[in-house]
Amino acid sequence: MAIMRSDKTVLDLLNELIELEYEAIEAYEAAVGRVAESRDRARIEGFLEDHVRQVSELCALVRQLGGEPAGASDLKQMLKRGKVVIVALFGDRKVLEAMKVNEAESERLHARIAARPHLPQPVRTVMRRHLATEHRHHTWIVDRLDARASQLRL
Ligand SMILES: [Fe+2]
């Protein structure tokens, strides 16, 4: 993700979020097939559905504001840069750690957009709702990693 600058428009920021969402979807799709524990897999499938819904809402918002949503092809560029290396990772812990980084970034970007002054109301409403979802995802992943770390210490 590019470094966020104050001169970016809301449309630019929403398109950054869209790129992040595509990245999350790709990563979660990879994770679903790699996490061995069925309970964790079910949670990750739920998170994947959240991200599919979110990207669709973000694309609608961008169009509503007269912009053109970032395409999934941008994701390929990010993958080429090696940002998402999940396909090369093995083990539930590594998958969860990769998810944690992605969720933290998403949560941070949503919060920064939500904090902007003069934000159109529909954007603010969607940012707040998505932020709550991203916080839930991030918290769950952090808890699962902590629980696994505790198990290993026993
Ligand atoms: Fe998420």
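The values are calculated or read from the model by the stated rules, or taken from the named source; none is laboratory data. What you are looking at is a predicted structure, and each value in this text was computed from that prediction instead of being measured. Methodologically, a virtual Cβ is constructed for each residue, glycine included, from the backbone with ideal geometry; neighbour enumeration extends over all protein chains shown. The area values use the complete protein model at the heavy-atom level, side chains included, leaving out ligands, DNA and RNA. Shrake-Rupley method; radii C 1.70, N 1.55, O 1.52, S 1.80 Å.
This table checks each residue for (1) in a helix (DSSP H, G or I); (2) surrounded by fewer than 21 Cβ atoms within 10 Å (Cβ to Cβ); (3) within 14 Å of the ligand (Cβ to nearest atom).
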residue: L13; (1), (2), (3): yes, yes, no
residue: L20; (1), (2), (3): yes, no, yes
residue: A31; (1), (2), (3): yes, no, yes
residue: R43; (1), (2), (3): yes, yes, yes
residue: E49; (1), (2), (3): yes, yes, yes
residue: E57; (1), (2), (3): yes, yes, yes
**Report entry** Tabulated pairs, the range 36-64, first over 20 Å from V10 (Cα atoms), second away from the ligand (no atom under 16 Å from the Cβ), C-beta under 7 angstrom, 6+ apart or interchain
**Finding:** A36/D92; E37/D92; D40/D92
Requested in this report: Taking only the range 108-154 into account, find how many residues are in contact with a helix residue (DSSP H, G or I) (Cβ under 8 Å, 6 or more places away or on another chain), under 19 Å from V35 (Cα atoms) and either open to solvent by less than 20 Å² (accessible area, probe 1.4 Å) or within 12 Å of the ligand (Cβ to nearest atom) (or both).
Outcome: 5
Query raised in the report: Does the range 59-74 contain at least one residue that is modelled with pLDDT of 90 or more, assigned to a helix (DSSP H, G or I) and within 13 Å of the ligand (Cβ to nearest atom)?
Result: no
Query raised in the report: Taking E105, is it within 12 Å of the ligand (Cβ to nearest atom), of a type in the set (D, E, K, R) and modelled with pLDDT of 90 or more?
Result: no
